[in-house]
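Chemist: Handing you this structure, nothing more for now.
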Amino acid sequence: MLGITFIGSGSRGNSALLELDGSFYLLDAGITCKKICDYLASRYLSLDDLEGIFITHEHEDHIKGLKVLLKKAPHLKIYCTTGTAFAIVDKGISLDEYYPMSYEKEFYISGCLCTAFKVPHDAAEPMGLHIEKDGYNMVMATDLGCVTKEVLKHTQNADLLCIESNYDSEMLKNCSYPSFLKQRIKSKSGHLPNEGVRGILSKMNKVPENVVLMHLSQESNTKEKALEALESFFEFDGASFRNMHITVADQDNPSEFVYVGNTLSSNIKNKLLNNYPQIFNRKEAIG
């Protein structure tokens, strides 16, 4: 099973829990350690249950909680590009356990095939993430100013696609941001507008089971605007895409859990049965 829950996603901070065939990882740590720990506790998990953290890039809204997390859980290995690792160290965060990821270089983690790919953003060496298991593909691409051939290569066969839908163009034009920030956001190394998601979906080889719209701006976007931007695509170019499940990640509340593949691995079933018999009855845990 490949699955993800966004603990928080937006301009103020981003972090998600990845579930890879029974192992748990964080995707970014841009919210407080407390908020991450509170969410884990709601799932009857703790920092000790995490194997590591994937960091997409070094901007504050993606690493805000990292320093405290590593103090509380020094066993966690960081997975990121070398450029991102150097940039994190420059911010005063030491990385004792660090796995250098290179664009398009495949490696296995928890039985899953993992590949980092290049995304256009004004960071040191930002990455998207493509994870495959048993023919299922989960792809995450956030903080990208435009849709490139590398992005299309990795998103075209996604079964679970997590993609940035950062701003509504008209709202950005009229919001309180200073002009230089608006220009940065709109640049090819900035953020993806709502309509950019249509460009990715229109180039896909199949209809994904799940799409998560993430990293919505608090100043220049709304959930309604992000969904509305897809309506013209559904009507004129992608009627078959109406059947896919769409989740909009929220800044302040955890998203629903979305996944592809089997719902529970044997590892998770055993954990529930052995550690929490008072909470999960055997029939429900095995079902």
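The values are calculated or read from the model by the stated rules, or taken from the named source; none is laboratory data. Since we're looking at a predicted model, the values are computed, not measured. Reconstructed Cβ throughout: ideal geometry from the backbone, glycine too, with neighbour counts over all protein chains shown. SASA here: full protein model, heavy atoms, side chains in, ligands and nucleic acids out. Shrake-Rupley method; radii C 1.70, N 1.55, O 1.52, S 1.80 Å.
Chemist: First select every other residue whose beta carbon is under 11 angstrom from the beta carbon of Ile4; then total the charges, Lys and Arg +1, Asp and Glu -1.
Modeler: Result for the neighbourhood of Ile4: -2.
Chemist: Next question, about the same structure. Quote the accessible area belonging to Glu106 in square angstrom, nearest 10, computed with a 1.4 Å probe and with ligands, DNA and RNA left uncounted.
Modeler: 120
Chemist: Ranking request for peptides 41-51, 209-219: highest mean number of other beta-carbon atoms within 10 Å first, then the rest in descending order.
Modeler: Numbers: 41-51: 13.8, 209-219: 21.7.
Taking the mean over residues of other Cβ atoms within 10 Å, the ranking is 209-219, 41-51.
Chemist: In whole Å, largest first, what are the principal axis extents of the Cα atoms in region 157-260?
Modeler: Extents along the principal axes, in whole Å: 40, 31, 23.
Chemist: With n ≥ 4 as the cut-off for DSSP H runs, can you work out [θ] at 222 nm for the chain, using -39500 (n - 2.57) per run divided by the number of residues, rounded to the nearest 500?
Modeler: -8000 deg cm²/dmol
Chemist: Okay, moving on. Running a GNM on the chain with Cα contacts under 10 Å, which residue among Ala87, Ala239, Ala229 ends up with the highest mean-square fluctuation?
Modeler: Maximum fluctuation in the GNM of the chain, among the listed residues, is at Ala239.
Chemist: Follow-up. Hey, in the GNM for the chain with a 10 angstrom Cα cutoff, which one of Ser169, Ser15, Ser179 fluctuates hardest?
Modeler: Its mean-square fluctuation being the largest, the pick is Ser179.
Chemist: With each label point set 7 Å from Cα along the Cα-Cβ vector, what nm distance links Glu231 and Ala41?
Modeler: Going from the Glu231 label point to the Ala41 one covers 4.2 nm.
Chemist: Per residue, how many Å² of accessible area does the chain show with a 1.4 Å probe?
Modeler: Details: 12710 Å² over 287 residues.
Per residue, the chain has an accessible area of 44 Å².
Chemist: Equivalent-ellipsoid semi-axes (√(5λ), Cα gyration tensor) for the chain, whole Å, largest first?
Modeler: Details: eigenvalues 163, 109, 66 Å².
Those come to 29, 23, 18 Å.
Chemist: If you place +1 on the Cβ of every Lys and Arg, -1 on the Cβ of every Asp and Glu, and leave all else neutral, what size is the dipole of the chain about its Cα centre, to the nearest 20 Debye?
Modeler: Charge dipole, the chain, about its Cα centre: 260 debye, nearest 20.
Chemist: At a 1.4 Å probe radius, carbon and sulfur cover how many percent of the accessible area of the chain?
Modeler: On the way: 6140 of 12710 Å².
Of the solvent-accessible surface of the chain, carbon and sulfur hold 48 percent.
Chemist: Right, something else. List, in the order given, every pair from Lys182/Lys225; Lys133/Lys153; Lys118/Lys173 whose Cα-Cα distance in the structure shown is over 21 Å.
Modeler: Correct reply: Lys118/Lys173.
Chemist: Based on the Kirkwood radius over alpha-carbon pairs, what is the Stokes-Einstein translational diffusion coefficient of region 45-190 at 4 °C with 1.567 mPa s viscosity, in µm²/s?
Modeler: 78
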